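Below: one structure, written as structure tokens.
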């Protein structure tokens, strides 16, 4: 079931629902649905669970299980144990560990509302606050969430979507940021907007909440508790973000019109945004590491440069509040560095990301620019010593030399033409030779001129000249 507009009526007989139907199984099934595009129908990746247990040397414990039935079984097992307090589940799936750099699929947008910190809402019933949230979203012309959970001292609003790859992260982050801004009056936690976030599992308990609100559960839904509505991400983003894809297309159309009239004075549209470029770089870095080191960890001599570039990439696609955690996780996985070593080596990257988040700029070539590090693809290729054979073997798309870039562009053009139903060059040439031969015959037997032949075959005079020229070359001497 998909939601399409911001005008979903919030109060459509919500009180008649039995919200207890939405338990741990439904929670996991909706957050981590089956991927129907796969041959087996199972979603790729791992779902992360975590629990905070007081009194232990390491109170925060975290582990991952395969998405699908394994994650459902684990959720139900956790709620059957004696201690059901402070259990969390990831909102996205990952290749191995909970990290933005390892995301395999994102199936929801969300905001964490700490309304207990807001004077106006503190002490109010969760259902009452949820109703106020829905009204506020309608006033802001933002689509209603799929469901809202009471987490003991706050709310989690979740907009379910189709499964998105990590390449969608830049636009997904923009949606997250906007949702956090809109719901700021309800205590939206802007540190909890990253894609590697965990929230409390439905049916678990919040050890810090009042006794009558300890249990995490649904308090509002769009659709029904057993099958909340699922948004189409493109539509959701268009309704949430200030400038939609449709408006961008309109702007490009206007620019094309101005260009045709000779009035276009603007610079050409860039293929990549900074965020999408660095997401592509991070993907290539992971492919390169997998190609060079199938066992996982980078050897001595390759770690510093690879991790610096990876850290820069993550600084462009990760919220600054979680950047340190993301870089530490990646450094442990790729190089086995300890936390302190990583913080020391990557401190400049983290510092610049925080400065950028605070609005600071640096001067570069007489222009003020974002103060985060930036590197050209050619520089990264040189730094990491990526030779042409590796570029092809590892399947790199951005970290390539000019020859490989031209080859990839040719391949993309061919694929695009094929998708549009265009004929390949061999078929086009055969048809042109056939037309040219017929034209030469008509010219010799009936005395038709080139313009007459072009009109007869429904082509331009230039195309007719080319067809006749190629036909003459193909005729026997």
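Worth a mention:
- Footprinting exposure proxy for 238, 18 (fewest neighbouring C-beta atoms within 10 Å first): 18, 238
- Normalised by the number of residues in the range 425-474, the mean separation of alpha-carbon contacts (under 8 Å, six or more apart) gives a relative contact order of 49 percent.
- In terms of other Cβ atoms within 10 Å, 371, 118 run from fewest to most in the order 118, 371.
- With eigenvalues of the C-alpha gyration tensor scaled by 5 and rooted, the range 425-474, Å: 17, 12, 8
- Spacing of the modelled spin labels on residue 167 and residue 344, each 7 Å from Cα toward Cβ, amounts to 4.0 nm.
- Among 230, 52, 406, sorting on how many other beta-carbon atoms sit within 10 Å of each Cβ, with the fewest leading, yields 406, 52, 230.
- Pairwise Cα separations in the range 104-192 fall into 10 Å bins from 0 onward with the following percentages, short to long: 17, 51, 26, 6, 0.
- In the chain, the alpha-carbon atoms span a convex hull of 232 Å³ per residue.
- Theoretical gain in end-to-end length, residue 393 to residue 325 [0.36 nm per residue, Cα-Cα removed]: 21.4 nm
- Length added when fully stretched, residue 293-residue 58, from 0.36 nm per residue minus Cα-Cα: 81.5 nm
- Here the simple spin-label model places points 7 Å from the Cα toward Cβ, and for residue 119 and residue 364 these points are separated by 4.3 nm.
- Scaled against 2.2 N^0.38 Å for its residue count N, the alpha carbon radius of gyration of the range 274-418 is 1.12.
- Gained length - residue 428 relative to residue 351, 0.36 nm times residue gap less alpha-carbon distance: 22.1 nm
- Normalised by 2.2 N^0.38 Å, with N the number of residues, the alpha-carbon radius of gyration of the range 285-369 equals 1.19.
- Taking the square roots of 5 times each eigenvalue of the Cα gyration tensor of the range 2-240, largest first, gives ellipsoid semi-axes of 24, 23, 17 Å.
- In the chain, helices alone account for a calculated mean residue ellipticity at 222 nm of -14000 deg cm²/dmol, with every DSSP H run of four or more residues adding -39,500 (n - 2.57).
- Each Cα pair under 8 Å and six or more residues apart adds its separation to the average, and for the chain the resulting relative contact order is 13 percent.
- Nearest-0.05 FRET efficiency for residue 449 and residue 379, computed from C-beta distance (R0 56 Å): 0.45
Computed from the coordinates by the stated procedures, all read-outs in this text should not be read as laboratory data. Source: prediction; values computed, not measured. Quick reminder, even Gly has a Cβ in these numbers, built from the backbone with ideal geometry, and neighbours come from all protein chains shown.
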